[in-house]
Amino acid sequence: MRLGFLTPSSNTVLEPAVAALLRDHPAITAHFARFRVLAINLGAQANSQFDPAPVLAAAELLADAKVDSICWAGTSGSWLGFAQDEALCAAITERTGIPATTATLALRDALRLAGARRVALVTPYLAEVQDAILANLAREGFQVTAERHLEDPGNYSFALHSAGTVDRLVEEAVAQAPTDAVIIHCTNFRGLPGAPGLEARLGPLVLDSVAVSVWGALRTAGEGADLPGGRIFRRMRSVSGTNPKND
């Protein structure tokens, strides 16, 4: 099983985190292609980083490796709109013949499959980006109970925040109000190391974007695996093997 991931060029967390998740599963390999992403805000120049052309070019390179699925392992659809990611996935599949998902669409799938309606959002983003994500989550039917963000313009700098900082933000969000799930939404943010322990200690599902991307890539390829990224893999293993093309 070969999983393909499209990666922001300035991301330094995703690849080693995915490797750690797959360490004990040698039959599943991860393959990456990058396109340029340097800053995260709502300006026209920043938004143009996510125009389809460079993304599709990177997807075509992954297709040369005959991957079983392609995941845009970035969260831009959460502030630009879920419809943008849906259109991107359709374009990737049309161009390459390979089923596709994104970190944001996989997050929506995971929340719905878990029956989680109340969610807390933790990111490193600017307030304007955070507000756009909150609005889009509400449009998708989720009630946001709490949010924490760091006012970081990123993208490279997101990785400079420690895992302990991310854990603290999750703890603060859970303490603010009851919630079904905490979303750590950024694949260049160090949420994965603490997610399983936070779930065990705090109770709500903790969905880190790296783990969600891998889960989504596996599900899109029609496979599942019990990986050490939290309950997303164990609790929903029975449905993760369902190919969303057939849902």
Hey, Ser10 part of a helix (DSSP H, G or I), among the hydroxyl-bearing types (Ser, Thr, Tyr) and not assigned by TED's automatic domain parsing to the domain that holds Asp131 or not: no
Number of positions in region 84-130 that are without any contact (Cβ under 8 Å) to a residue 40 or more places away in the chain and among the small types (Gly, Ala, Ser): 5
Residues satisfying the stated conditions in region 98-142, i.e. β-branched (Val, Ile, Thr) and touching a Cys at 6+ places or on another chain (Cβ under 8 Å): Thr101, Thr102, Thr123
Test for Ala39: is it within 22 Å of His149 (Cα to Cα) and either surrounded by fewer than 17 Cβ atoms within 10 Å (Cβ to Cβ) or touching a Cys at 6+ places or on another chain (Cβ under 6 Å) (or both): yes
Residue, surrounded by the most Cβ atoms within 10 Å (Cβ to Cβ), within region 184-212, restricted to residues that are part of a loop (DSSP other than H, G, I, E, B) and of a type in the set (A, V, I, L, M, F, W, C): Cys186
Among the residues listed as Glu140, Glu223, the single one being surrounded by fewer than 24 Cβ atoms within 10 Å (Cβ to Cβ), closer than 22 Å to Phe50 by Cβ and in contact (Cβ under 8 Å) with a residue 40 or more places away in the chain: Glu140
Sole exception among (1) out of contact with any Cys (no Cβ under 9 Å at 6 or more places or on another chain); (2) aliphatic (A, V, I, L, M); (3) under 15 Å from Pro8 (Cβ atoms) for Ala83, by number: (3)
Residue ID - modelled with the highest pLDDT, chosen from residues in region 226-247 that are crowded, with 20+ Cβ neighbours inside 10 Å and in a loop (DSSP other than H, G, I, E, B): Leu227
Residue selected from region 156-173 under the condition more than 10 Å from Phe189 (Cβ to Cβ) and touching a Leu at 6+ places or on another chain (Cβ under 9 Å), by the criterion surrounded by the most Cβ atoms within 10 Å (Cβ to Cβ): Val170
Test result for Phe233, of a type in the set (A, V, I, L, M, F, W, C), over 24 Å from His161 (Cβ atoms) and either assigned by TED's automatic domain parsing to the domain that holds Glu172 or in contact with a helix residue (DSSP H, G or I) (Cβ under 7 Å, 6 or more places away or on another chain) (or both): yes
Set Pro26, Pro16, Pro54: member being assigned to a helix (DSSP H, G or I) and free of Cβ contacts under 8 Å to residues at least 12 places away in the same chain: Pro16
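The values are calculated or read from the model by the stated rules, or taken from the named source; none is laboratory data. Not measured: the values here are computed from a predicted model. FYI the Cβ positions are ideal-geometry reconstructions off the backbone, even for glycines, and counts take in every protein chain you see.
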